[in-house]
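Accompanying notes for the structure given below.
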Amino acid sequence: MPDAIMIFAAGRGTRMGALTQTLPKPMIPVAGTPLIDHALALVDDSPIETIVVNLHHLGDQIANHLDHRNILFSHEEDQLLETGGGLKQALTLLKSDDVVTLNADAVWAGPNPIPALIDAWDPDRMDALLMLVAPQNAIGHKGRGDFLIGADGVLSRGAGLTYTGCQIIKTARVAAVEGDVFSLNLVWDRLLANGRVFGLEHHGRWCDVGHPEGIILAETMLRDTHVRPV
């Protein structure tokens, strides 16, 4: 069972405009709570023990905010490593054969996605298990969807469900990629070709808070519904 999580918090947050000139995106408040704390609330309500957060843009603010918690930091000081490269660098801290990943710029409503992924994880069949939402439940996110999901749960690329940034993935598949800077899309494409990427649909709502309008949308969503334990 996965017992480690990587929270991606290193991005520059350029879509946030002036908001991220002096504040890292994960520290932007939504309903009075920094985005990073919304993410950590999901982790705290799960079996996860090891938490790693990657840092780059104004990362000291995030580290200082979390200094009272037992959290490890992966510093991307020289350059952003993208999602795949960032996860690869953090593997020595995560120390697990399979890990959960979570974006720090989203807010969830409905069941906690992390325990749901862990319950559905089958390492004999899966190299990655992605949490997805129907486009109508992807609040503030533009696009027609990222993946099609088959009756057996196997994923293929296509306009279907939207990827939320939350998944379980085998770390060996990430470590096998050459180079330091790469997207997780590169890893998925290799695994998709072998039918090893599966999907699970989140039957709640998920809000992308990667742009200023997303803050209002997320706060509106949270007034009505909240993430609840599974």
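The values are calculated or read from the model by the stated rules, or taken from the named source; none is laboratory data. Fair warning: this is a prediction, and the values are worked out from it, not measured in the lab. No Cβ is skipped: glycine too gets one built from the backbone with ideal geometry, and neighbour counts run over all protein chains shown. The accessibility values were calculated without ligands, DNA or RNA, using every heavy atom of the protein model including side chains. Shrake-Rupley method; radii C 1.70, N 1.55, O 1.52, S 1.80 Å.
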Paramagnetic label zone (point 7 Å from Cα along Cα-to-C-beta, Ala159; backbone N under 13 Å) in the range 191-211
none
Given Cβ charges of +1 for Lys and Arg and -1 for Asp and Glu, the option among Leu186, Leu81, Ala159 whose Cα lies farthest towards the positive end of the dipole of the range 54-212 is Ala159
So if I place +1 on the C-beta of Lys and Arg and -1 on the C-beta of Asp and Glu, and nothing else carries charge, what would the dipole magnitude of the chain be about its Cα centre? I want it in debye, nearest 20.
520 debye
Where q = 0.09 Å⁻¹, what log10 of I(q)/I(0) comes from the Debye formula for the range 105-230, counting one point per Cα?
-0.26
Mind grabbing the base-10 log of I(q)/I(0) for the range 1-97 at q = 0.11, 0.21, 0.22, 0.24 Å⁻¹? Debye formula, identical points on the C-alpha positions, no solvent, two decimal places.
-0.31, -1.12, -1.21, -1.38
Between the range 193-207 and the range 122-191, the alpha-carbon center distance in angstrom:
7 Å
When every protein chain stays in place and a 1.4 Å probe is rolled, Ser74, Ser183 sorted by accessible area with the largest first are Ser183, Ser74
If amide H atoms are built 1.01 Å from N in the plane of the peptide, which residues on other chains or at least 5 residues away come under 5 Å of the amide H of Val30?
Leu35
Report the gain in length on full extension from Asp3 to Asp45: 0.36 nm times residue separation, minus Cα-Cα distance, nm rounded to one decimal.
13.9 nm
Expressed as a whole percent, how much of the Cα-Cα distance distribution for the chain exceeds 33 Å?
9 percent
Apply the Karplus curve 6.51 cos²θ - 1.76 cosθ + 1.60, θ = phi - 60°, to the phi angles in the range 140-146 and return the couplings in whole Hz, x for Gly and Pro.
x, 10, 8, x, 9, x, 10
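How big is D for the range 1-54, in µm² s⁻¹ as a whole number, if Stokes-Einstein is applied with the Kirkwood radius of its Cα pairs at 20 °C and 1.002 mPa s?
D, rounded to a whole number, is 176 µm²/s.
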Tell me, what does the Kirkwood hydrodynamic radius of the range 82-178 come to in angstroms if you use every pair of distinct C-alpha atoms?
14.5 Å
Given a Förster radius of 30 Å and the C-beta distance between His203 and Ser183 as r, what FRET efficiency does 1/(1 + (r/R0)^6) yield to the nearest 0.05?
0.65
Tell me, what ³J(HN,Hα) does each residue in the range 197-203 have, in order and in whole Hz, if you take phi through Karplus 6.51 cos²θ - 1.76 cosθ + 1.60 with θ = phi - 60° and put x for Gly and Pro?
10, 10, x, 9, 8, 7, 9
Which stretch or stretches of the range 131-154 have amide N atoms under 19 Å from the point lying 7 Å from Ala120's Cα along the Cα→Cβ direction?
131-139, 145-154
